[in-house]
Structure formats: C-alpha cells, structure tokens
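Peer 1: The structure that follows is given in the form of structure tokens.
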Amino acid sequence: LEYDLVSWLHDVVDRFEMLTRDRNMTLVRDFIQMPLQVNIDSDKMTQVLDNIISNALKFSPEGGTITVGADLTGEKALVYIEDEGQGIPKKDEHKIFERFYRLDKARARSLGGTGLGLAIAKELVEAHGGSIWASGASGQGTRITLSLPYNSYPEVGESSD
Ligand code: ATP
Ligand code: MG
C-alpha cells in the first residue's frame with residue numbers, strides 16, 4: 001500500500017516515546033518536509049524499524065539521543081536511525097547483517113537477542129527494492145540507513161489543472 005513516508009514514520013516513532021523517556025533518552029525526529037509516497041508493506045517495514053530502533057536503545061547508554069531521520073537522494077528515500085552508543089568497528093559494519101552475528105557475545109547474552117533482527121531487516125528492505133547499511137566510526141555511535149524507492153510527486157508549480 002502507498003503511505004506518506006513522514007506520517008508513517010511519525011506513527012512508528014510515537015510508539016517509542018515512553019520507552020525512551022523511561023531511560024532518560026531523547027528521541028529526535030529529523031524528517032524532510034515534503035510529501036513522499038512510498039509503496040510498502042507497513043507491518044513488515046514496522047518490524048524493520050522496530051528492530052533498528054530497539055537496537056539503538058539496547059546498545060546505547062542511558063541519557064543519550066536517538067535520531068530518526070528521513071531524507072531524499074535523487075532516486076531513493078532515505079531513513080536513518082542514529083545513536084550515541086559504543087558503535088560498530090568499521091570491519092564489522094557489514095557483518096551485523098549476517099544471521100546470528102553479534103559483536104560482543106558476552107554483552108549480547110546479557111542483553112538478549114538472537115542476532116537475527118538485522119538479517120531479517122536486510123531481507124525485508126531488499127524485498128522492497130531498497131538497501132540497508134551501517135556507518136559511523138567505532139566509539140562514536142552508529143547510524144543505520146535504509147533506502148527505499150519512492151513514487152514520483154508533483155513538482156511545485158507543475159499542475160495538471
Ligand atoms: P535480535 O534483533 O534478534 O533480538 P540482536 O539485536 O542481537 O538480536 P541484530 O539486531 O541482528 O541482533 O544485531 C546484530 C548485532 O549487531 C548486535 O548483536 C550488536 O552486536 C550489533 N548492533 C546492532 N545495532 C547496533 C547498534 N545500534 N549499536 C551497536 N551495535 C549494534
Ligand atoms: Mg536487534
């Protein structure tokens with residue numbers, strides 16, 4: 001179904017407000033101000049965002065900031081989730097999308113989780129014609145970005161009336 005990306009993201013992020021407040025964390029929304037129609041399976045993409053935002057919470061200290069952003073490149077809509085946690089070493093940035101991969105086995109055990117979240121996210125995003133990647137230097141937090149195709153929108157001033 002077709003959704004306005006920014007309204008859809010507001011709904012997804014709304015559900016994390018209480019959880020972040022309980023951990024003294026700040027949830028920032030950095031959304032592009034324009035209508036952007038995307039064709040998505042809402043349940044599946046919600047599962048993707050839930051995992052990434054949950055990871056940001058799980059691997060960040062109390063009191064940090066998590067930013068969810070929406071932006072646009074020439075041909076894709078971009079959604080990113082940025083945290084101020086311990087980050088992911090450059091050499092492991094692609095491995096976190098492998099099944100069952102967890103950076104710190106001991107820490108992962110105490111935090112729970114199977115290491116499947118991002119592998120599933122990658123599958124679902126790619127099934128939508130998009131891609132997903134991690135960036136950000138180790139120790140300076142993590143940014144997970146996903147791209148999605150968007151439907152064309154009417155240019156300003158270009159009207160068919
Ligand atoms: P699951 O999602 O199945 O409950 P999980 O969260 O451990 O378990 P993934 O979501 O696939 O699994 O993430 C894989 C691993 O990547 C994590 O165990 C963690 O080591 C690392 N990782 C993911 N997101 C972050 C992040 N925001 N900051 C630091 N490390 C991360
Ligand atoms: Mg996870």
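The values are calculated or read from the model by the stated rules, or taken from the named source; none is laboratory data. Predicted model only: the values in this text are computed from it and were never measured. No Cβ is skipped: glycine too gets one built from the backbone with ideal geometry, and neighbour counts run over all protein chains shown. Side chains are part of the model used for accessible areas, which takes the heavy atoms of the whole protein and leaves out ligands, DNA and RNA. Shrake-Rupley method; radii C 1.70, N 1.55, O 1.52, S 1.80 Å.
Peer 1: Take the residues in the stretch 115-140 that are modelled with pLDDT of 95 or more and not in a helix (DSSP H, G or I); name whichever of them is farthest from ligand 2 (Cβ to nearest atom).
Peer 2: 129
Peer 1: Let me ask something else about it. Considering only residues that are without any contact (Cβ under 8 Å) to a residue 40 or more places away in the chain and either assigned to a strand (DSSP E or B) or more than 15 Å from ligand 1 (Cβ to nearest atom) (or both), which ones fall in the stretch 33-58?
Peer 2: Once the filter is applied, which keeps residues that are without any contact (Cβ under 8 Å) to a residue 40 or more places away in the chain and either assigned to a strand (DSSP E or B) or more than 15 Å from ligand 1 (Cβ to nearest atom) (or both), the stretch 33-58 yields 33, 43.
Peer 1: Hey, another quick one. Would you tally the residues in the stretch 61-114 being in a helix (DSSP H, G or I) and basic (Lys, Arg)?
Peer 2: 6
Peer 1: Has the stretch 59-76 got any residue that is within 9 Å of ligand 1 (Cβ to nearest atom), under 21 Å from residue 14 (Cα atoms), at pLDDT below 95 and surrounded by 16 or more Cβ atoms within 10 Å (Cβ to Cβ)?
Peer 2: yes
Peer 1: Is it the case, given these coordinates, that residue 79 is hydrophobic (A, V, I, L, M, F, W, C) and closer than 18 Å to residue 150 by Cβ? Outline the logic, then answer.
Peer 2: Working: hydrophobic (A, V, I, L, M, F, W, C): yes; closer than 18 Å to residue 150 by Cβ: yes.
Against the criterion (hydrophobic (A, V, I, L, M, F, W, C) and closer than 18 Å to residue 150 by Cβ), residue 79 qualifies.
Peer 1: Another question about this same structure. Just to be sure, is residue 24 closer than 23 Å to residue 127 by Cα, in contact (Cβ under 8 Å) with a residue 24 or more places away in the chain, touching an Asp or Glu at 6+ places or on another chain (Cβ under 6 Å) and open to solvent by 60 Å² or more (accessible area, probe 1.4 Å)?
Peer 2: no
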